[in-house]
Amino acid sequence: MTTIVDLDQQYVLQTYARPNFVIERGEGCYLYDTDGHKYLDCVAGIAVNALGYADPDVTAAITQHAGGLLHLSNLYHNTSAAVLAKMLADSCCVIDRVFFSNSGAEANEGAIKFARRYARDRHGEGKNIVVAFDGSFHGRTMGAVAITAREKYREPFAPVMPGVRFGEYNNIDQLDELITADVCAVVIEPIQGEGGLRVADVAYLQKIRALCDHHDALLIYDEVQCGVGRTGKMWAHPCEAKPDIMTIAKPLGGGLPIGAILMRQKVADTIHAGDHGSTFAGGPFVTAVAQVVFNKISQPEFLTHVREVSDYLDESLQDLMQRHAEVTELRGKGLMRGIRMTIPVSTVREKAHDEQLLIATAGDDVVRLVPPLIMERHHVDEMIGKLEKAIVASK
Ligand SMILES: *Cc1c(COP(=O)(O)O)cnc(C)c1O
């Protein structure tokens, strides 16, 4: 009998090493496979499924709009995109304008283009260097991989976009020589995702902000993974260092593909009709659903819940670290956590699957937890119990 796994292995391009169970449905924080196993999901489709699975409001929005305009193109006015753009702009005091995209990588591509355009408009051709950091991840397209630190994502596809300079994340002493007059943009994740869950220091971001102001370079926050409520605040960046551009994507569509580039008016002033575009981006269907998702996550009670559960998770992880010498460091913030270990985390992930717990990794030595934001305390207890068994089994 040909199984789904066989079909995948024969016909699907093998760019992912998948475990050999097949997920069939989901509800809340749980996923169910075709053999009837119930998994506690601390991956959430890589920080996408913030509201978990089968959220009734998301389902209702999809059902309501399914028979309406699915796609219109950006050639015509689109009510739900305009409304969502206002919601996004209202959520952050420095943001005035929005350009929609279909993914995180595409949002970053647009952000780079806007930064290059802004610099050229105001300073001519020489100001085109984009600064990025070690441990960064910004997506898989040619511009996004060019600012992604890990060589294995870039080198096989060389030449990627030129004009990139890498700095050391959180090294404040290096910034003066890194951010110079030829820089048009600095792109940074306030909390690194794939790169190991490191959190940028507030003083570090403040210094970047000051240097960007000094050189009229744009500060771009990639909040594709850490933004939209994941830290218990709407945005992961600190109030003390605001961006010129912010890119978002993962949780915004409740599982549907959508991203956005949020920007200040001064950036928008240098972008003109015809400068950028997309056939699919910000379509009426996906933006109508995203309104419901964004509205739900923005509620103060929802964000308070995220903070309370994260505090509890924090305590539980501290206790776990006390019990196991193999756990050497806790990283991240809110419901975006990294657990650094001396044992191979790919083994821990496999053993976690045996315990019916889904976890992600970041690099070779960090377990990454990015569960649905609707997770409750009892889910935290279940997660810690299963993770502990997986750690013991991996020793
Ligand atoms: C996932 C991710 C991206 C890329 O998003 P895609 O939708 O996969 O293109 C970019 N930046 C960060 C920080 C991410 O986590």
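The values are calculated or read from the model by the stated rules, or taken from the named source; none is laboratory data. Keep in mind that what you see is a predicted model, and the values were worked out from it rather than measured. Cβ sites come from the backbone with ideal geometry, for glycine too, and all protein chains shown count toward neighbours. What goes into the accessible areas is simple: the full protein's heavy atoms, side chains included, and nothing from ligands, DNA or RNA. Shrake-Rupley method; radii C 1.70, N 1.55, O 1.52, S 1.80 Å.
Computed quantities for the displayed model
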| quantity | calculated |
| --- | --- |
| Charge-dipole axis of the stretch 5-64 as Lys and Arg at +1 and Asp and Glu at -1 on Cβ define it, positive-most pick from Asn49, Val22, Tyr39 | Asn49 |
| Residue-normalised accessible area of the stretch 350-395, given per residue in Å² at a 1.4 Å probe | 39 |
| Anisotropy class of the stretch 164-243 from Cα gyration tensor, a/c 1.5 cut | prolate |
| Spin-label pair Asp90/Ile4, simplified geometry with 7 Å Cα→Cβ offset, distance in nm | 4.0 |
| Beta bridges per DSSP with both ends in the stretch 113-235, % antiparallel, nearest 5 | 10 |
| Degrees between helix 284-298 axis and first principal axis of the chain (Cα, 0 to 90, nearest 10) | 70 |
| Three-way shape call for the stretch 181-314 based on the alpha-carbon gyration tensor, with the a/c threshold at 1.5 | oblate |
| Rounded to 10°, Cα long-axis angle of helix 345-354 versus longest principal axis of the chain | 50 |
| Rounded accessible area per residue of the stretch 233-276, 1.4 Å, Å² | 32 |
| Positive-end residue, the stretch 58-297 charge dipole about Cα centroid, Cβ charges, pick of Thr270, Ile220, Asn78 | Asn78 |
| Inter-part distance where the stretch 293-366 and the stretch 212-249 are each reduced to a Cα centre, Å | 22 |
| Unsatisfied cross-links (Cα-Cα over 29 Å) in the set Lys38/Lys152; Lys127/Lys296; Lys207/Lys296; Lys86/Lys242 | Lys38/Lys152; Lys127/Lys296; Lys207/Lys296 |
| Residue-count net charge about Ile172 - beta-carbon cut-off 9 Å; Lys, Arg +1, Asp, Glu -1 | -1 |
| Protein accessible area in the stretch 244-357, 1.4 Å probe - carbon and sulfur % | 46 |
| Global form of the stretch 58-297, assessed from the alpha-carbon gyration tensor, a/c cut-off 1.5 | prolate |
| Gain upon complete extension [Glu326, Lys389; 0.36 nm per residue less C-alpha separation] | 21.4 nm |
| Probe 1.4 Å, protein heavy atoms only - accessible area per residue of the stretch 1-73 in square angstrom | 64 |
| Positive minus negative residues near Val48 (Lys, Arg vs Asp, Glu; Cβ under 12 Å) | +1 |
| Rounded tilt (10° steps) of 300-323 against the dominant C-alpha axis of the chain | 60 |
| Rel. contact order, % - alpha carbon contacts under 8 angstrom, at least six apart, the stretch 58-297 | 31 |
| Dipole magnitude of the chain, debye to nearest 20 (Cβ charges: Lys/Arg +1, Asp/Glu -1, about Cα centre) | 620 |
| Beta bridge orientation in the chain: antiparallel %, DSSP, nearest 5 | 65 |
| Helix-only CD estimate at 222 nm, as mean residue ellipticity for the chain, using -39500 (n - 2.57) per DSSP H run (n ≥ 4) | -11500 deg cm²/dmol |
| Exposed-site-free run, longest, the chain (rule: chymotrypsin sites (Phe, Trp or Tyr not before Pro); DSSP loop; at most 12 other C-beta within 10 Å) | 77-395 |
| Percent of beta bridges antiparallel (DSSP, the stretch 199-312, rounded to nearest 5) | 50 |
